[in-house]
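Read through the structure below, which is laid out as structure tokens, and then see the notes.
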Amino acid sequence: MTHQEAAPEPTGTAAAVAEPPLLDVRDLRVEFRTRDGVAKAVNGVSYHVARGQTLAVLGESGSGKSVTAQAVMGILDSPPGFLTGGEIVFQGRDLLTLRREERRRIRGAKMAMIFQDALSSLNPVLSVGAQLGEMFQVHEGVSRKEARARAVELMERVKIPAARERVGDYPHQFSGGMRQRIMIAMALALGPDLIIADEPTTALDVTVQAQVMDLLAELQRELTMGLILITHDLGVVADVADTIAVMYAGRIVETAPVHQLYKAPAHPYTRGLLDSIPRLDQKGRQLYAIKGMPPNLTAVPPGCPFHPRCPLVRDVCRTDPPPLYEVGPGRTSACHFWKETLDGAR
Amino acid sequence: MAHDDAGAPSSGTPAPGTPAPGAGQPGTSAPGTPAADSPEPVLEVRDLVKHFPLTRGVLVKKQVGAVQAVDGVSFDLHRGETLGIVGESGCGKSTVAKLLVGLEHPTAGQIRYRGEDISTLSGRALKAVRRNIQMVFQDPYTSLNPRMTVGDIIGEPYEIHPEAAPKGERRRRVQELLEVVGLDPEYVNRYPHQFSGGQRQRIGIARGLALRPEIIVADEPVSALDVSVQSQVVNLLERLQDEFGLSYVFIAHDLSVVRHICDRVAVMYLGRLAELGTDEQIYEHPTHPYTQALLSAVPVPDPDARTHRDRILLAGDVPSPANPPSGCRFRTRCWKAQDRCAEISPPLEVPAEFRRTPGPVRHPSACHFAEERTVVPNG
């Protein structure tokens, strides 16, 4: 995908033609050195996201979707994780060449992250007002009183009822949905250009999930931020994403604009995922099931990592890792047989 | 949830029970107890109530209130059927599961298995009943004892119910069970940590099947699994149901999975049932506002549905079950609520206006202002 910014984009997505992307991740590699061997958690991942756009990174556990995000944010646990290659170009600068102090200034102020588990991401012994206000005190050097006022403003912005009365409350006094709103408020505090949300609604009930996703989408539109939504939920993705990157075993296997991906996937893994989810609007008897299970990252199969589970597997898949083929405008697929897949082969 | 217990909760000392006649083997068609093909339900739940007392004080405990986890739930489970219980966290669905398998004792109400109220049974009689109602837990990581081998985990029910399988035969039984759930019988000596989440869930299912129960209560059995593995386990559960004639109580928060696997669905909110019906009645013709809101909030994996969906966004959160609203429990979040909803709790019955309407809209719905509204776009 690195070569794509130059190419004109005939699809009518919001991506500007001339403007460089907000974030451009190129050939990122992260490995975990464990006792059982080296796990290549991220193995040459490239994606980009523009202002006002939502990129969904879809994958199952162990696919490397969260590790990629941690590397981008610069919060990778190291050791055991090591960034071994690639570039993370944010607003024209490669973050990996910056000094630690500069990087820290960008993190939080220019890019922020929302985590899945709000309860363990918030400090239980500080009031939410103090935690929100701390952002302004540290990054902008405002007074404590001013910080508190700004915290109330933020809480109102994410629609927490009676914000003024609740600013002194502690995280455990809020419900799951309200805590996730506080996480969103914290991410928004310094007016970032990019938000990375890692499974932001997975821990929430459906009715609350709908509220939180709506809020996130609304704020993103209003503030024209870039949003990277990391999720395993094909339903949530369909609701909010502009483009989707599907990850499997540390690699991106397919990228496509959302409508095209659901209509005609170009990778057998994507097709398998779409076929295997039960649908609210359909009553079917037998669900399609992708056979086998995701590979152990210390022993990824040679060739295409998906080949042992793939219904279309042929000899070449067992030996030659497929490159990311350009299969259409803004679409890529890492499958030797993307054409057949696109035509509906299963 | 206990960290190690087998699907069958142990009740006191394992007294040798009466040898069960013809405890069938996996693979053969005869289920545990032969029954006439009557429409009679295998399980009847009537006005089930479970309140957990809230106490204050250390030495002198004083009850200051109660968490009304389950507050008057009634339903039937028929032979070979799958009944889904859906609801959001805190609605009491897991407590219902625990009550059904006897891990909790009801505060009031009845659970009748083959006509006999099991909540009043004890000792040998209770043990015999429990053999027929087994449970599969949500979390395949914490519901298997890490220090026991897979063979011991699946075979543990035989320790509690020795009459189910003679000692010499147990190992073979366990291996058969492993095969039935799609695992290699050679794995009997491995430990849980050597398996993936999906495989562990299969182990949990094998343990649930060990005693050849009639009823399996599955509490969120696929929620912790990845999409590609989830469909494997769902298909397995369906296959086992056909093969062994099982009845399932399938508890889940994922409405799409429930629609897929269930014949009938009960929607639960704050300790009570809001609506009960077949999958067609609930998903295509819901009449309770909560069901409608719940269904409309489920993200549909179809980006084209973004524009033409009828979304109902509920305000606020679920109230605390320790202090539920008077009357209809959903009224604090309901857009139709009127004074009457605060005064009179709507019973779960076919609403008066639909009693003479033929078709799927005629089903029990606990709402004073029940009204049909289609929220799921037809696929």
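Values quoted throughout were computed directly from the atomic coordinates according to the rules given, and no laboratory measurement underlies them. Because the structure is a prediction, the values reported are computed rather than measured. Neighbour counts are summed over all protein chains in view; Cβ atoms, including those assigned to glycine, are modelled from backbone coordinates with ideal geometry.
Can you work out the FRET efficiency for the pair B:Arg112 and A:Glu218, with r the C-beta to C-beta distance and R0 = 45 Å, to the nearest 0.05?
Working from the Cβ atoms, E equals 0.35.
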field: Full-stretch length increase - A:Val138, A:Arg318 - with 0.36 nm per residue and alpha-carbon distance subtracted
entry: 59.5 nm
message: Which three extents, in angstrom, do the Cα atoms of chain A have along their principal axes, listed largest first?
response: 67, 51, 47
- line: Rounded to the angstrom and largest first, Cα extents along the principal axes for segment A:67-150 equal 44, 27, 18
statement: For the protein assembly as shown (alpha-carbon point model, no solvent) the Debye-based log₁₀ I(q)/I(0) at q = 0.09 Å⁻¹ works out to -0.90
statement: Length gained if A:Glu340 through A:Ile75 is fully extended, taking 0.36 nm per residue and subtracting the Cα-Cα distance, is 91.4 nm
task: State, to one decimal in nm, how far the label point of B:Arg190 lies from the label point of B:Arg172, with both points 7 Å from Cα in the Cβ direction.
output: 2.4 nm
statement: Which residues qualify? For A:Asn43, with a placed amide H closer than 5 Å and at least 5 residues away or on another chain, they are A:Val30, A:Arg251
task: With only alpha-carbon atoms counted, please give the Rg and Dmax of segment B:287-354, in Å.
output: 14.6, 43
query: With springs only between Cα atoms under 10 Å, which of B:Ser365, B:Ser231, B:Ser143 fluctuates most in a Gaussian network model of chain B?
result: B:Ser231
field: segment B:98-237: radius of gyration over Cα atoms, expressed as a fraction of 2.2 N^0.38 Å
entry: 1.08
- prompt: When all alpha-carbon pairs of chain B are counted, what percent fall beyond 36 Å?
  reply: 26 percent
- prompt: Which of these, B:Arg333, B:Arg356, B:Arg173, has the largest mean-square fluctuation under a Gaussian network model of chain B (Cα springs below 10 Å)?
  reply: B:Arg356
message: Bin width 5 Å, origin at 0, all Cα-Cα pairs of segment A:124-191: what percent of pairs per bin?
response: 4, 21, 33, 27, 12, 3, 0
- request: Could you work out, residue by residue across B:289-298, how many beta carbons of other chains sit within 10 Å of that residue's beta carbon, and then give the average as an integer?
  value: 3
message: Using 10 Å bins from zero, what percent of all Cα-Cα pairs in segment A:236-346 falls into each bin?
response: 14, 46, 32, 7, 0
Partner lysines for B:Lys167 [C-alpha distance under 30 Å; skip if fewer than 8 residues away on the same chain]: B:Lys98, B:Lys127
query: How far, in degrees from 0 to 90, does helix B:150-160 lean away from the longest principal axis of the Cα atoms of chain B, to the nearest 10?
result: 90 degrees
- prompt: Label B:Asp47 and A:Ala162 with points 7 Å out from Cα along Cα→Cβ: what is the distance between them in nm?
  reply: 3.6 nm
task: Would you give the gap between the C-alpha center of segment B:86-122 and the C-alpha center of segment A:79-152, rounded to a whole Å?
output: 48 Å
query: If the convex hull of the alpha-carbon atoms of segment A:51-107 is projected onto planes in all directions, what is the mean projected area in square nanometres?
result: 4.9 nm²
- prompt: Most mobile of A:Asp94, A:Asp117, A:Asp315 per a Gaussian network model of chain A (Cα springs, under 10 Å)?
  reply: A:Asp315
message: Starting from the 7 Å offset along Cα-to-Cβ, what nm value, one decimal, do you get for the label separation of A:Lys145 and B:Glu353?
response: 5.7 nm
query: Can you list the residues, at least 5 places off or on another chain, whose amide H is less than 5 Å from the amide H of A:Val327, using H built in the peptide plane?
result: A:Thr332, A:Ser333
query: In chain A, what % of DSSP beta bridges are antiparallel (nearest 5)?
result: 60 percent
field: DSSP beta bridge pairing in the protein assembly as shown, given as percent antiparallel to the nearest 5
entry: 60 percent
Chain A: Lys pairs at Cα distance under 29 angstrom, eight or more positions apart or on different chains: 16
message: How tilted is helix B:227-244 with respect to the longest principal axis of chain B? Cα atoms for both, answer in degrees (0 to 90, nearest 10).
response: 70 degrees
- request: Give a residue-ordered list of calculated ³J(HN,Hα) values for segment A:338-344 (Karplus: 6.51 cos²θ - 1.76 cosθ + 1.60, θ = phi - 60°; whole Hz; x for Gly, Pro).
  value: 4, 5, 4, 4, 4, 7, x
- line: If each part is reduced to its alpha-carbon centroid, segment B:64-78 and segment B:137-164 end up apart, in Å, by 29 Å
query: Once amide H atoms are placed 1.01 Å from N in the peptide plane, what residues at a sequence separation of 5 or more from B:Gly87, or on another chain, have their amide H within under 5 Å of its amide H?
result: B:Ala252, B:Met268
